[in-house]
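Just below is one structure, and these are the notes that go with it.
The values are calculated or read from the model by the stated rules, or taken from the named source; none is laboratory data. Remember, predicted model here, so these are calculated numbers, not experimental data. With ideal geometry, Cβ positions are generated from the backbone for all residues, glycine too; neighbour counts draw on all protein chains shown. All accessible areas refer to the heavy atoms of the entire protein, side chains included, with ligands and DNA or RNA removed. Shrake-Rupley method; radii C 1.70, N 1.55, O 1.52, S 1.80 Å.
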Amino acid sequence: YNNIQRYILRIANPYGFKTNQNKNQGIIPIFTQKVLKGETIEIWGTGENRRDYIYIDEVIDAIEAVYQYNGQHRIFNIGTGKSYSILEILRLIEKEIRIPVKIKYKGERKCDILNSQLDTSLIYRECGWKSKLTIEQGIKEYINMIFRKDCWE
């Protein structure tokens, strides 16, 4: 075990075609499915809570970059280094799908973090990896994949 390289990868909120939309995890897949079904989306608080979201294919690329790494660092953040509010995410989904979003606001929760974005400068400096997709491109790609999958079934 002494020769095995060990790393801790702290991954932002991943989304994409390979993520499981049926679990109660990941607001982009959950919100997209709800909008497509015409369901109301419940938002705790004001919807201004911000998170760093990253497309799943980019997570895989980052893991591959760390796998090739031979330096001394062992902990890397994988994200875009940018944060987006829940309402911004909803508006991007709405714009791409062209279906109005129905929102129901619920009470604020004490457990919700106001802003979370990852500093990805270390993985860029040490491994040469950096997120390339904007949130707009990632959501568009994700939604396009859903529609292509629906055509196969």
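Of note:
- Screening the candidates Asp119, Asp112 for the property of being at pLDDT 95 or above and within 14 Å of Arg51 (Cα to Cα) yields one hit, Asp119.
- Scanning the range 1-26 for residues that are surrounded by 11 or more Cβ atoms within 10 Å (Cβ to Cβ) and at pLDDT below 90 yields Gly16, Phe17, Lys18, Thr19, Gln21, Gln25, Gly26.
- If you filter the range 120-129 down to residues that are in contact with a strand residue (DSSP E or B) (Cβ under 8 Å, 6 or more places away or on another chain) and in a helix (DSSP H, G or I), you find that the one that is surrounded by the most Cβ atoms within 10 Å (Cβ to Cβ) is Ile123.
- Taken over the range 48-84, the criterion of being surrounded by 16 or more Cβ atoms within 10 Å (Cβ to Cβ), touching a strand residue (DSSP E or B) at 6+ places or on another chain (Cβ under 7 Å) and either assigned to a loop (DSSP other than H, G, I, E, B) or of a type in the set (Ser, Thr, Tyr) (or both) is satisfied by Asn49, Asp52, Tyr53, Tyr55, Gly79, Thr80, Ser83, Tyr84.
- Taken over the range 130-144, the residue count meeting the criterion of being open to solvent by 40 Å² or more (accessible area, probe 1.4 Å) and either in a loop (DSSP other than H, G, I, E, B) or of a type in the set (A, V, I, L, M) (or both) is 4.
- Taking first residues from the range 51-66 that are farther than 13 Å from Tyr142 by Cα and partners that are assigned to a helix (DSSP H, G or I) and open to solvent by 10 Å² or more (accessible area, probe 1.4 Å), the Cβ contacts under 6 Å between residues at least 6 apart in sequence or on separate chains come to Ala65/Cys127; Val66/Cys127.
- In the range 97-119, the condition of being open to solvent by 30 Å² or more (accessible area, probe 1.4 Å), free of Cβ contacts under 8 Å to residues at least 40 places away in the same chain and not in a loop (DSSP other than H, G, I, E, B) is met by no residue.
- Filtered by the rule that a residue be out of contact with any His (no Cβ under 6 Å at 6 or more places or on another chain), within 18 Å of Ala62 (Cβ to Cβ) and not hydrophobic (A, V, I, L, M, F, W, C), the range 111-128 gives Ser116, Gln117, Asp119, Thr120, Ser121, Tyr124, Arg125, Gly128.
- Pairs, first in contact (Cβ under 8 Å) with a residue 60 or more places away in the chain in the range 68-85, second acidic (Asp, Glu) and in a loop (DSSP other than H, G, I, E, B), C-beta under 8 Å, six or more apart: Asn77/Asp119; Gly79/Asp52; Thr80/Asp52
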